[in-house]
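Before any comments, here is the structure.
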Amino acid sequence: MKKITDLDITNKKVLIRCDFNVPIKDGKIIDDTRIISALETINYCLEKQAKVILFSHLGRIKEEADLAKNSLEIVAKRLSELLNKKVIFIPETRGEKLEATIKNMQNGDVILVQNTRYEDLNGKKESSNDEELGKYWASLGDIFINDAFGTIHRAHASNVGIATHMKGKCAFGFLIEKELNALSVLANPDHPFIVILGGAKVADKIGVIENLVKKADKILIGGGMAFTFLKAQGIEVGKSLIDDENISFCKKVLNDYPTKIILPIDTAVTTEFSNNEELKIKEINNLDTNEMGLDIGPKTVLLFESYLKNAKTVIWNGPLGVYEFDKYKQSTNNILQYLVDNNIKAILGGGDIVASATNAHLKDKIYHASTGGGATLEYLEGKILPGIEAIK
Ligand code: AMP
């Protein structure tokens, strides 16, 4: 892996692709975690007396009306507070002002360039990795650091494009380095290697199952997706979430790996998709036609824990119940707590399970919570990620 510490960046103009895609509500940043996560790489560059030029996307730009609400100016302000120094915001993604400001930079100066997706307004230049755009941005600096893990599965001009035009002068920042180090255990996991899968649909997890079923000792399946597997076994699942198109996929996996897939033996059911109706715990083969399972049950939690007890590596994608409802977040939280209490090397991959851990105040106690969302999922699917390849 090419690391930032492998490059001599002193006096250099260092282009850094960050992930400043922060949630904004009523003109305010409501969670600045992503800005804080970028500080280590930025501060390292400042300590090394580099000139720092930052790029990021924010939201999606489809029409003129999307521009103002997705300006990075608000991020420049917050970043300036966090760094305790001036951040020069350039409201354009190219042009004379940007070029002149870069030309006049002193060591230790920080510039934030406007949202890279402003370039999507006319012809999706950022998102389609427009050749000329990547070349132009690359021409603005001496070194390129990619530290935006969340977009590593996309070939955009601001990651792959710049890297392609700066061969030999690119590396990963500390954030990506940390992610890749943690996820690299997958290449050669210590056994028992247990995978926990939850979330809504089987369709979204087919790639992950296909990739990990060969390597894992057991796959523990909860969440909405468990019901498609149960239905594939001929179990009556009432009104529970079913992914009809993938029943045959589930049948095949159960058939090919009869001892690897562990399904719920009980479930928390109700009659409406809501937090307000009565909750009952039912054996898995005892659901009425008007009932739906919204969480795994307590016996299943114990069953899953019996497999996790001796685990040396755990990967977990997707919550085991509807964690957005207080009543149905219990099993997910119990198993998160079990992993923490037993010091089990667990990697959480994907937005919803990381959000569950954050809500339960357990995120920082888990071995690694991957921030990537789609990027982490594609990594778990074993896909080649363009943002990684371009730096390699
Ligand atoms: P995913 O993005 O595929 O990881 O799915 C996360 C979503 O799965 C969350 O919004 C959960 O509410 C949902 N989910 C988890 N368990 C169930 C369930 N038993 N029935 C319906 N949805 C569920």
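Taking the criterion of being under 30 Å from residue 54 (Cβ atoms), at pLDDT 95 or above and either aromatic (Phe, Trp, Tyr) or in a strand (DSSP E or B) (or both), the residues of region 145-203 that qualify are 145, 146, 170, 171, 172, 174. If you go through region 321-350 and keep only what is among the aliphatic types (A, V, I, L, M) and within 12 Å of the ligand (Cβ to nearest atom), you end up with 322, 348. Taking region 211-228 as the range and being away from the ligand (no atom under 16 Å from the Cβ) and either under 20 Å from residue 244 (Cβ atoms) or in a loop (DSSP other than H, G, I, E, B) (or both) as the test, the residues that pass are 213, 214, 215, 216, 217.
Can you work out which of the residues in region 18-34 that are of a type outside the set (D, E, K, R) and farther than 16 Å from residue 116 by Cβ is surrounded by the fewest Cβ atoms within 10 Å (Cβ to Cβ)? The selected residue is 27. Which of the residues spanning region 119-140 are among the charged types (D, E, K, R) and in contact (Cβ under 8 Å) with a residue 12 or more places away in the chain? Across region 119-140, the qualifying residues are 119, 120, 125, 126, 130, 131, 135.
Among the residues making up region 182-209, those that are more than 16 Å from the ligand (Cβ to nearest atom) and either touching a Ser or Thr at 6+ places or on another chain (Cβ under 7 Å) or touching a residue at least 40 places away in the same chain (Cβ under 8 Å) (or both) are 182, 183, 185, 186, 189, 190, 191, 192, 193, 194. Restricted to region 237-320, the set of strands (runs of 3 or more DSSP E) holding at least 1 residues that are hydrophobic (A, V, I, L, M, F, W, C) and within 13 Å of the ligand (Cβ to nearest atom) comprises 266-270, 292-296, 313-317. Taken over region 335-372, the criterion of being polar (S, T, N, Q) and in a strand (DSSP E or B) is satisfied by 370 alone. Look at region 72-83: where a residue is under 16 Å from residue 43 (Cα atoms) and aromatic (Phe, Trp, Tyr), no partner that is at pLDDT 95 or above and crowded, with 17+ Cβ neighbours inside 10 Å sits 6+ places away or on another chain with Cβ atoms under 8 Å.
The values are calculated or read from the model by the stated rules, or taken from the named source; none is laboratory data. No experiment lies behind these values; they were computed from the predicted model shown. With ideal geometry, Cβ positions are generated from the backbone for all residues, glycine too; neighbour counts draw on all protein chains shown.
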